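Structure first, commentary second.
Quick note: the coordinates plus some simple rules give every number you see, no bench work behind them. Values in this document were obtained by computation on a predicted structure and should not be read as measured data. Counting neighbours? That spans all protein chains shown, and the Cβs are built from the backbone with ideal geometry, glycine included.
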Amino acid sequence: MPNSFQIVVCSSLVPDPLQTLEPVAGPALKNEMMLPAVLDPWAACSLYEAAALAAAHPGSKVYLVAMAPKAKLQQVMMTVAQKVPFELVALDGPLGGFTDAQSTAAALAEAIAAIPALDRSKLLLFGGWESASRGAGVTLQTAGELLGITEQFQGVDQLTVRDDGQLEVLERVEGGRHQVSLCQGAPAVFGWATGNLAEPRNSPQMGMANMRGITPALMKAKPVKLDANGLSYVSAAVPKQTRETRLVRDMPAEEIAREIVAWMAE
Amino acid sequence: MEKIFVLTHVDESGTALAKASLEAVSAAVELAKSFSAELTIGLLGADVAQAAAQLAGAAPKVLAVTGQAFAQPRYATDAAACEALVKAAAPTIVLAPSTARFARVMAGVAHRAGGAIDTHITAVSPSLEATRWFYRQRIEAVVKRERRPWFLLLDAGTHAAYSATGAAPAVEAVAVAAPASRTTVAGTRSPQQGEQTIRPNAKLLFVAGAGWTKKQSDGQVHAADAEKLILGFLHAADASLGSSKSLVDQSGENQATLKFMTHLNQIGQTGATPRHAKGLSTCCHGEEPHVVGWRFVNERRAINLDANCGWARGKADVVYLADAFQVMAKVNELLEK
Ligand SMILES: Cc1cc2nc3c(=O)[nH]c(=O)nc-3n(C[C@H](O)[C@H](O)[C@H](O)COP(=O)(O)OP(=O)(O)OC[C@H]3O[C@@H](n4cnc5c(N)ncnc54)[C@H](O)[C@@H]3O)c2cc1C
């Protein structure tokens, strides 16, 4: 197939952003396994972009490589499965931002290399440019290196496949601009920012179809232990962040404006 | 004995160092002093002759990879150049600025050097403990690494920029054959129509929330007025424009929108975390996934109609319970005077 792709999306799970987080010794998050989790938001954007790209290029396929404790993966996949079609590659590993990114990358790269019949010449490695847990921007780059891919892009908001097979890539750079690059096709790594797609609505039919593959993938999930890679923590704490808010009621707009302008000039 | 190396690159002008690079240099100079350690500087760009003058007095040795292949930020060439520089300097600690250019490649370089890497570092102590945030600025941690070389990517705005003293340093060239790359960089593009509203160096961050495009007390939506007021303020105050997620998401949903708003303006959990001395939030509820993006905005004020908004619960210093349309019209009047 001309311009067909094998898109591998890497994602972890993170606590729902509306949850209150509290670090405990380890460090780890208090009640981490009890906190409702979601697919990492930027990686989720990359999954939706992957699905749209695959749909537009017949013969393409989307894999989702996800590492988390199996029970947690099972919960989150119930929702994710209803969004877009994919084949799950599950790794039964630790959750959370305090693990080492390079060790995580090594586990992911090994799992990707082991996907049967993966055509690496068509491989587009997707994921979020930073996770919502560690937020390091290290995992995808390192996984790319381990898989021998040196066409890499981070902070991607748009990927367009031209008729001649070239990939036009928009990456976020300083000052609210995009860097525009042209890459001569796969293999390549794309760490996605928000992209341009809205979250797909839940489709129970899609969920049923996906779950047929997800359940066996979860059963097969390989246990993973991550190396600390020489990393240790001196401290981890939630900063004291509450401010003494002054609530200003019943002040005429003109007076508020004067106060704001004076404050801006301070 | 630690050996410190700081990697820098020229900015888009091709003749000066990116400001974040100069900040990394002062962090490295400080660190080297506290250890009495050897400091070497690495420099990347098509031609570094002019930019190198900005490093005068910082370190006894400056290494550079130059040539047209290294003019533009691109993974394959940047990774090869940085790899060669690190190899030539043989450091134990590598500092580099977290610019888009270096953030794209430094984990790859650390991997090639057999080292470890931590990113978004906001402080490095003399005892080599590095501070960074986890969970999108919710948990602050201090980390250490045994593994060397240890790469530390420093967030911009966390150190003062280095200022040169004395004569320009001699630059030692490090030869690198540009690796084959299937990527060409065509330049940069602004996603916004008209003017640039994101100004990282502005003193004030102005945040607009979804309230600007919601029905107001007269039952009508006033998006055109909102646009005029916001742009008028940005001009008059030279402020940077941020947004809540709800407001930028509307552009995809056929609702009233502000034409100049894009996802790049979004602040928060899945948006940016800019650094500004002051921030003014308007028509934004101040929910936690938004406010985590304000971590590095020191003084915060908000205008909201709702006394129960998030800002009023200890997230802002001052909350004005008022109509932002009315207040901002008056603010603009005053600023134009
Ligand atoms: C995974 C995930 C990630 C997220 N990431 C982000 C993120 O990165 N950034 C982000 O912002 N949000 C994020 N959110 C969403 C966040 O939870 C909120 O839904 C969002 O911030 C709300 O935007 P808002 O305050 O502009 O809108 P609303 O909640 O609709 O608030 C509008 C406000 O405008 C006020 N208002 C209306 N008219 C006026 C007027 N005339 N004068 C003064 N005030 C007025 C109202 O009182 C109200 O407080 C995320 C959510 C999830 C689940």
> What nm distance separates the two modelled labels at A:Q74 and A:I115, each placed 7 Å from Cα along Cα→Cβ?
Replying inline: 2.5
> If one computes the Cα centroid of segment B:9-23 and of segment B:86-157, what distance in Å separates the two points?
Replying inline: 19
> Tell me, what HN-Hα J-couplings in whole Hz come from the Karplus equation 6.51 cos²θ - 1.76 cosθ + 1.60 at θ = phi - 60° for each residue of segment A:33-48, using x for Gly and Pro?
Replying inline: 6, 8, 5, x, 10, 10, 5, 3, x, 5, 5, 5, 4, 5, 5, 5
> Residue by residue through segment A:5-18, which ³J(HN,Hα) values in whole Hz follow from phi under the Karplus form 6.51 cos²θ - 1.76 cosθ + 1.60 (θ = phi - 60°), with glycine and proline marked x?
Replying inline: 10, 10, 9, 10, 9, 9, 8, 9, 10, 9, x, 3, x, 7
> How long is segment B:1-116 along each principal axis, judged by its Cα atoms, biggest number first, in Å?
Replying inline: 36, 31, 21
>> Let's test the formula: R0 of 22 Å, r as the Cβ-Cβ distance of A:A55 and B:R182. What FRET efficiency results, to the nearest 0.05?
In response: 0.30
> Near B:K337, which lysines are there with a Cα under 19 Å away, not counting those fewer than 8 places off in the same chain?
Replying inline: B:K228
>> Students often forget the sequence filter, so: which lysines lie under 21 Å Cα-Cα from B:K144 once same-chain residues fewer than 8 apart are removed?
In response: A:K225, B:K3, B:K33
>> Just to check I understand the Karplus step: with θ = phi - 60° and J = 6.51 cos²θ - 1.76 cosθ + 1.60, what whole-Hz values come out for segment B:266-282, glycine and proline as x?
In response: 5, 10, x, 3, 10, x, 8, 10, x, 10, 9, 5, 9, x, 10, 9, 10
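List the relative contact order of chain A as a percent without decimals, with contacts defined as Cα pairs under 8 Å and 6+ residues apart.
Dividing the mean separation by the residue count of chain A yields 24 percent.
Among A:L73, A:L35, which comes first, second and so on when ranked by fewest other beta-carbon atoms within 10 Å?
Values: A:L73 27, A:L35 17.
Listing A:L73, A:L35 from fewest to most nearby Cβ atoms yields A:L35, A:L73.
What is the fewest-to-most order of B:S127, B:S243, A:S181 by other Cβ atoms lying within 10 Å of their Cβ?
B:S127, A:S181, B:S243
How high is the relative contact order of segment B:204-336? Use alpha-carbon pairs under 8 Å, at least six apart in sequence, and give a whole percent. Could you put the intermediate results ahead of the total?
On the way: 254 pairs, mean separation 32.9, N = 133.
Result for segment B:204-336 is 25 percent.
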> When we measure straight from the Cα of A:K222, which lysines land under 28 angstrom away, once same-chain ones fewer than 8 places off are left out?
Replying inline: A:K30, A:K61, A:K70, A:K72, A:K83, A:K122
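Subtracting the Cα-Cα distance from 0.36 nm times the residue separation, let me have the gained length for B:E129 to B:S13 in nm, one decimal.
Numbers: separation 116, 0.36 × 116 = 41.76 nm, distance 3.44 nm.
Roughly 38.3 nm would be gained on extension.
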>> Using the Kirkwood radius over C-alpha pairs as Rh, can you work out the diffusion coefficient of segment B:204-336 via Stokes-Einstein at 10 °C, viscosity 1.306 mPa s, in µm² per second?
In response: 109
